[in-house]
Amino acid sequence: MKVTQRVKKILANYESDNPGTKANLARILMHGRLGGTGRLVILPVDQGFEHGPARSFAPNPPAYDPHYHFQLAVDAGLSAYAAPLGMIEAGADSFAGAVPTILKVNSSNSLATEKDQAITGSVNDALRLGCSAIGFTIYPGSEYQFQMMEEIRELSEEAKAAGLAVVVWSYPRGGPLSKEGETAMDVCGYAAQMAALLGAHIIKVKPPTDHLEQKEAKAVYEKQKIDVSDMAKRIAHVMQCSFNGRRIVVFSGGAAKDLDGIYNEIRGIRDGGGSGSIIGRNTFQRPREDALAMLDQIIKIYQGKA
Amino acid sequence: MKVTQRVKKILANYESDNPGTKANLARILMHGRLGGTGRLVILPVDQGFEHGPARSFAPNPPAYDPHYHFQLAVDAGLSAYAAPLGMIEAGADSFAGAVPTILKVNSSNSLATEKDQAITGSVNDALRLGCSAIGFTIYPGSEYQFQMMEEIRELSEEAKAAGLAVVVWSYPRGGPLSKEGETAMDVCGYAAQMAALLGAHIIKVKPPTDHLEQKEAKAVYEKQKIDVSDMAKRIAHVMQCSFNGRRIVVFSGGAAKDLDGIYNEIRGIRDGGGSGSIIGRNTFQRPREDALAMLDQIIKIYQGKA
Amino acid sequence: MKVTQRVKKILANYESDNPGTKANLARILMHGRLGGTGRLVILPVDQGFEHGPARSFAPNPPAYDPHYHFQLAVDAGLSAYAAPLGMIEAGADSFAGAVPTILKVNSSNSLATEKDQAITGSVNDALRLGCSAIGFTIYPGSEYQFQMMEEIRELSEEAKAAGLAVVVWSYPRGGPLSKEGETAMDVCGYAAQMAALLGAHIIKVKPPTDHLEQKEAKAVYEKQKIDVSDMAKRIAHVMQCSFNGRRIVVFSGGAAKDLDGIYNEIRGIRDGGGSGSIIGRNTFQRPREDALAMLDQIIKIYQGKA
Amino acid sequence: MKVTQRVKKILANYESDNPGTKANLARILMHGRLGGTGRLVILPVDQGFEHGPARSFAPNPPAYDPHYHFQLAVDAGLSAYAAPLGMIEAGADSFAGAVPTILKVNSSNSLATEKDQAITGSVNDALRLGCSAIGFTIYPGSEYQFQMMEEIRELSEEAKAAGLAVVVWSYPRGGPLSKEGETAMDVCGYAAQMAALLGAHIIKVKPPTDHLEQKEAKAVYEKQKIDVSDMAKRIAHVMQCSFNGRRIVVFSGGAAKDLDGIYNEIRGIRDGGGSGSIIGRNTFQRPREDALAMLDQIIKIYQGKA
Amino acid sequence: MKVTQRVKKILANYESDNPGTKANLARILMHGRLGGTGRLVILPVDQGFEHGPARSFAPNPPAYDPHYHFQLAVDAGLSAYAAPLGMIEAGADSFAGAVPTILKVNSSNSLATEKDQAITGSVNDALRLGCSAIGFTIYPGSEYQFQMMEEIRELSEEAKAAGLAVVVWSYPRGGPLSKEGETAMDVCGYAAQMAALLGAHIIKVKPPTDHLEQKEAKAVYEKQKIDVSDMAKRIAHVMQCSFNGRRIVVFSGGAAKDLDGIYNEIRGIRDGGGSGSIIGRNTFQRPREDALAMLDQIIKIYQGKA
């Protein structure tokens, strides 16, 4: 497979990484229907951990089976599949080579009372399971934020040395943040910046709203007249906050919404120069045929065909 | 011993494991009177730690002797014997090769005021004692849950690399959970799912009741009309929550009840597709002959003969 | 020195241990005037740490000198001498080979406000000082109990691999326990059981009273009619709680009492099948000749001659 | 490049360091327009982490790009460039050899509620990225101060063994300190002393005010008639507190002020014998041409030409 | 240099130590004007860390320079010089071999609100800097006491294996102790005992007062009629508490007092059999000539000439 000029340009931004890590980034960027375009759509399935199995899979019971998600990612032509240890273990051999995988190495659950996550996987696990990357969530703002950052620092150093890529879910929570503030424009840009500074190759954030949370930041946005009035502009600002576009940033789909709502959000990500989507519940909670149709449409939007 | 097709099919679900771990799973699945059937009955004796020696063994004083339990597991034709370090050390040589053993590597006690356990054994201990697996308890919901999950993650990685199997006791406690919620259908399924996601080969949970604990989960169970009206259906749902049956799940016997109560529960486990039972106090607190008779009947139920 | 049948039988109970550890246990069991009988008397001198030097040694000032205790243990024909790092370092060379030593590797002091101990010695220290065993205190019930158990687990694994024996001081304290409960029959039996489960070779507990502390345990003692009416019966029950006599259990002397009180307690230990005594303050706080006379009498009691 | 006598004299103060570390100090001291003078100006860009991207870079949007800062440091002829992991990774290859770099290995952020920082880089990172030094912030006074000091101790030992230099940002905060006290003369001198005692090669402190914070220290300043009446005298005292001038001390620029204010402060640092400046926001928040003009003037001041 | 019989006798008390450690103890005991007498005077300079630079050095400004203290220790003919990492690093090469050095590996400061210290040096640092010993402070009684004891245990094991000596500053503080209790006779003896039990080669305590702090100890002192009425008797008791004189114990000078006060205290230490003094502020806060004169007088007192 010949790596495209577009992907080569993206890879060139990762100038300190070894060939192993660049090859794994290339695997993700060259895989599936968006392969070579510089855009990507990732299937993440960590909701069994985060929300429990029934809340995650009962709406579409075949999804209880770990193989279902591998197959869906393959059949939809997605860029990669991300999941916790057990989910990857249960299909890593059957689907070896079929789709790049990202081992999510920390997880929380809905019984938790603290804004933290448990480390549930390792770089060695990622290597023995043939994964291309590790994934890790940080909660900037939480009283555990420094500890989480130190965990990803250590895992990241180990992953990079082993030629893996590092994906950071940067989800501000807790501390001084209001609920609305978790997806505020300033906070989302800050979350992306911190993930980039921590050395992430791929950054996952939520699509920002036009809310501005932090007082000192709000003053700057207003003084500098930063336009946050529509999704494309907000996405473009997140990309700017991610080393001026030198880092891959994918946006989560969030809670279930109607198809038009999803497609419009995707168009905003596309038009703002976002790298792509990482979309879980909206995918696997639909019947398989509906999910495939939706993903087909999303891919077309990223291809500029819809 | 020729591994049966049924067991081969089960082993195939552990597709990421090395031959060492698969061989140890096979040892357990091929041992005893249920060997080869895909069902299993395990004798766990950790009550000396959890409740103290007199509460555990005074009803049947020969059980103060660690050899008693090895012999009982052998004579009853059980699949494996699980106990803490000292108990295994005290009989590992006399009963070497006589029954697969599971080293329980963490333990609590009734003097404890916190919902946590101490790590009391290691993978090296399991190896030097000839065990087939390590066993570990997590308390999802407890304020120590993330720490416990990180402990089993680390022990599990080490155990798998050494060719051992990993058994996780997943007992929700504390945090937002009511007492009734600890055995609720949704919570039990969630507990099984988390153990599976943590990479357990064998999952131990309590048989669930029809109570639904978590508000968001309850809404899904009702909307999706998940039938939790009898034990077999609830067991089937737990198996579904365990990677759609790709993981071995055994159910504890719980507090002492009458024999008919026990047998009916076992039939529910069998009919729901559960992998088997892990049954301690109900066994060793009876006179030896009564215990053997009861275990004979339980095995017959799993064999479809009772 | 030919190991006696009695000692061989005791060693056979440590069936998982390597020859190095068995040799060190044999050294203790074959040493001194009780050598070969299966009984033992150990001199522990950790009161300088626990209570301070003046409270410990001013009543008999030669005892300020670490050599005093080595010499006393040798001259009295005791089985072993146990002390913290500095005490052993100060005499290990002068008394090399003269008496088996046990390095007490954790210690508290009377300035402490928490029910915990500091680790003050290591397995490497024990090895370089020629010790036969390490000694470690746990406080079951304390909020630090799990941490202490994890510490001894780790030290114990290391000690056993190095061919050392492990002695556990199991002293219930704190948490739900009343002061009276610390020496209650049920709690003392539980303490012995936990030390055994943690893999101790030699267990040190206090002689139990006939008090029953924990409600659920009390109910069982009463229902099962466990006789705790005299010291010999209580000792026998502690031995039962220690793997039905498969583990060596020694009993502390406790606070100073008159000689007849001491001798009667020793007779109770002997008649209940206890392995022996570990007796500090009652020994070294007396003038040397008085101490030797008392130890002579104690040894005679264990020999059945008094 | 021939190392000047002035720089040789400075290097001689680092008499315990290996040639690797001395070479890296020399690289910084010999680089840029102040190379060889014993003075230095460092560009630090950690505000994206500390304050967020918009507050840091929106006033001068090209600064969102990590390459901007490397180029600015090169074009202005600065001595070194300091930044967190991601910033260095994003330009380390493009600017390899162009300017000495300092990897800032811990960071805080404006969502934090605790006076601590997360470790976000390692000595290995510094080595693989070709850095000359690691940078680390301590908060003397904070409840986390001992932990932070232990972190830098460990990192520093590792860095020195690997031939890197160590830069310590010593910023008193929290504990008994008032806000005014953070930059008090006594506290600033104490902060420099502690960094020196911790083994820092280069110390960064804020320019002190004439406030005296700690009661016992104030008494000494008054009794000994230590003159703190102007900036040059205060700087001279900080140098005295830094092993009587045996350590390199650079002073931060602090919050934005007008150019004359900046230049006067620089003259005070120069006249007091300070080693130089480490100046971030005042630099990169101005348009590039303005920043270059300002840095040119600052360098001329240190050269004694302005 | 021929080791004297007196020093050989002292070294013989360190019977478990390797020749490397004994050689380093000998270096200290054979160095300076008291070399060979079994007495020693050590110069400690950690007040820059503990109290800040101005409070420590402003009364005698040349003392801001680390070389000043090395030179003072050399010129006064002292036994050793003790200081934190940075102070030793700054002169270790210039004064290599000129005076034995003790690396103080933990430190507190006057901004601290907790009775703890940060570890600020390592055994590797001591080795690379050519030190003869490490120094470490414990605060018996503090809520951090167990942690500090575990730190020195670990450092001590490492130091001894590397042939270094271990000096413990044992300063009771916090917990149940009153301010007066910190220097009480019973507490000071206990502090010395604990340092000895932790394996210290050289123990530093404060000269005790005749106050008795702990109730149970007080009762023993009174019952056993321990004479604490003058300094020599109290020192003798501290030596008794230090393994009956088997350990070297040096006494701090404490806060500044007049020369006669100092000399009388030294005579008390000498007459009570104390090993010597460790005297900082009283030394370096005087003009150099005054300090040399005072140290000359102190040495003469220890030589029995004054």
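The values are calculated or read from the model by the stated rules, or taken from the named source; none is laboratory data. Owing to the predicted nature of the structure, the values given are computational and were not obtained by experimental measurement. With ideal geometry, Cβ positions are generated from the backbone for all residues, glycine too; neighbour counts draw on all protein chains shown.
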Worksheet, complete the sentence: Of the residues in region A:126-147, those that are within 23 Å of B:Tyr144 (Cβ to Cβ) and either small (Gly, Ala, Ser) or at the interface with another protein chain (Cβ under 8 Å from one of its Cβ atoms) (or both) number 5
Practice prompt. Pull up region B:8-36, narrow it to residues that are in a loop (DSSP other than H, G, I, E, B), in contact with a Lys or Arg (Cβ under 9 Å, 6 or more places away or on another chain) and of a type outside the set (D, E, K, R), then point me to the one that is farthest from A:Met87 (Cα to Cα).
Written response: B:Gly36
Fill in: Flag for D:Leu111 being assigned to a helix (DSSP H, G or I), touching a Leu at 6+ places or on another chain (Cβ under 9 Å) and not hydroxyl-bearing (Ser, Thr, Tyr)
no
Worksheet item: Do we find that A:Gly280 is at pLDDT below 95, crowded, with 21+ Cβ neighbours inside 10 Å and within 14 Å of the chain's Cα centre (by Cα) in this structure?
Response: yes
Worksheet item: Just one of the numbered conditions (1) crowded, with 17+ Cβ neighbours inside 10 Å; (2) at pLDDT 95 or above; (3) more than 24 Å from C:Ile10 (Cβ to Cβ) is not true of C:Leu292; which one?
Response: (1)
Worksheet item: Quick one: would you say C:Gly174 is within 14 Å of chain E (Cβ to nearest Cβ), part of a loop (DSSP other than H, G, I, E, B), at positive phi and surrounded by fewer than 24 Cβ atoms within 10 Å (Cβ to Cβ)?
Response: no
Worksheet item: What number of residues within region B:177-187 satisfy the criterion of being part of a helix (DSSP H, G or I) and either surrounded by 24 or more Cβ atoms within 10 Å (Cβ to Cβ) or within 8 Å of chain A (Cβ to nearest Cβ) (or both)?
Response: 3
Worksheet item: Is it the case that region B:49-63 has a residue that's surrounded by 19 or more Cβ atoms within 10 Å (Cβ to Cβ), away from chain A (no Cβ under 14 Å), out of contact with any His (no Cβ under 6 Å at 6 or more places or on another chain) and on the phi > 0 side of the Ramachandran plot?
Response: yes
Worksheet item: Of the residues in region B:191-216, how many are under 12 Å from B:Pro172 (Cβ atoms) and touching a Lys or Arg at 6+ places or on another chain (Cβ under 9 Å)?
Response: 5
Fill in: Hits in region E:78-111 - residues which are at the interface with another protein chain (Cβ under 7 Å from one of its Cβ atoms) and of a type in the set (A, V, I, L, M)
E:Leu85, E:Met87, E:Ala90, E:Ala92, E:Leu111
Practice prompt. Would you be able to say whether some residue in region C:10-21 is surrounded by fewer than 22 Cβ atoms within 10 Å (Cβ to Cβ) and closer than 30 Å to E:Ile152 by Cβ?
Written response: yes
Practice prompt. Considering only region B:188-221, state which residues are touching a residue at least 40 places away in the same chain (Cβ under 8 Å), touching an Asp or Glu at 6+ places or on another chain (Cβ under 8 Å) and within 11 Å of chain A (Cβ to nearest Cβ).
Written response: B:Gly199, B:His201
Worksheet item: Here are some conditions: (1) out of contact with any Ser or Thr (no Cβ under 8 Å at 6 or more places or on another chain); (2) outside any helix (DSSP H, G or I); (3) polar (S, T, N, Q). A:Ser277 meets all but one. Which one does it not meet?
Response: (1)
Practice prompt. Kindly provide the set of residues from region C:197-228 that are assigned to a helix (DSSP H, G or I) and more than 21 Å from the chain's Cα centre (by Cα), ordered by number.
Written response: C:Lys215, C:Glu216, C:Ala217, C:Lys218, C:Ala219, C:Val220, C:Tyr221, C:Glu222, C:Lys223
Worksheet item: Given the structure, is C:Ser94 in a loop (DSSP other than H, G, I, E, B) and either β-branched (Val, Ile, Thr) or out of contact with any Gly (no Cβ under 7 Å at 6 or more places or on another chain) (or both)?
Response: yes
Worksheet item: Residues in region A:107-120: is at least one closer than 23 Å to D:Gln47 by Cβ, touching a Phe, Trp or Tyr at 6+ places or on another chain (Cβ under 6 Å) and either surrounded by 24 or more Cβ atoms within 10 Å (Cβ to Cβ) or not charged (D, E, K, R) (or both)?
Response: no
Worksheet item: For region D:121-159, what are the residues that are in contact (Cβ under 8 Å) with a residue 60 or more places away in the chain and either assigned to a loop (DSSP other than H, G, I, E, B) or surrounded by fewer than 24 Cβ atoms within 10 Å (Cβ to Cβ) (or both)?
Response: D:Ser132
Item to complete: Hey, could you check region D:295-306 for residues that are outside any loop (DSSP other than H, G, I, E, B) and touching a helix residue (DSSP H, G or I) at 6+ places or on another chain (Cβ under 8 Å) and say which is surrounded by the most Cβ atoms within 10 Å (Cβ to Cβ)?
Response: D:Ile298
Discussion item. Every residue in region A:1-36 that is within 13 Å of chain D (Cβ to nearest Cβ) and either acidic (Asp, Glu) or over 23 Å from A:Ala162 (Cα atoms) (or both), please.
Written reply: A:Glu15, A:Asp17
Item to complete: Please determine, by comparing only the residues of region A:37-48 that are in contact (Cβ under 8 Å) with a residue 40 or more places away in the chain and within 13 Å of another protein chain (Cβ to nearest Cβ), which one is surrounded by the most Cβ atoms within 10 Å (Cβ to Cβ).
Response: A:Val45
Worksheet item: Do you know which of the residues in region C:229-261 that are modelled with pLDDT under 95 and under 16 Å from the mean Cα position of the chain (by Cα) is farthest from B:Asn60 (Cα to Cα)?
Response: C:Ala255
Discussion item. I want to confirm something. Restricting to region D:229-249 and keeping residues that are part of a helix (DSSP H, G or I) and of a type in the set (A, V, I, L, M, F, W, C), which single residue is surrounded by the fewest Cβ atoms within 10 Å (Cβ to Cβ)?
Written reply: D:Ala232
Discussion item. Restricting to region B:106-121, name every residue that is aliphatic (A, V, I, L, M) and more than 12 Å from C:Leu197 (Cβ to Cβ).
Written reply: B:Leu111, B:Ala112, B:Ile119
Fill in: Matching residues, region E:37-71, being within 12 Å of E:Gln285 (Cα to Cα), part of a helix (DSSP H, G or I) and out of contact with any Ser or Thr (no Cβ under 6 Å at 6 or more places or on another chain)
E:Pro53, E:Ala54, E:Arg55, E:Ser56, E:Phe57, E:Pro61, E:Pro62, E:Ala63, E:Tyr64, E:Tyr68, E:His69
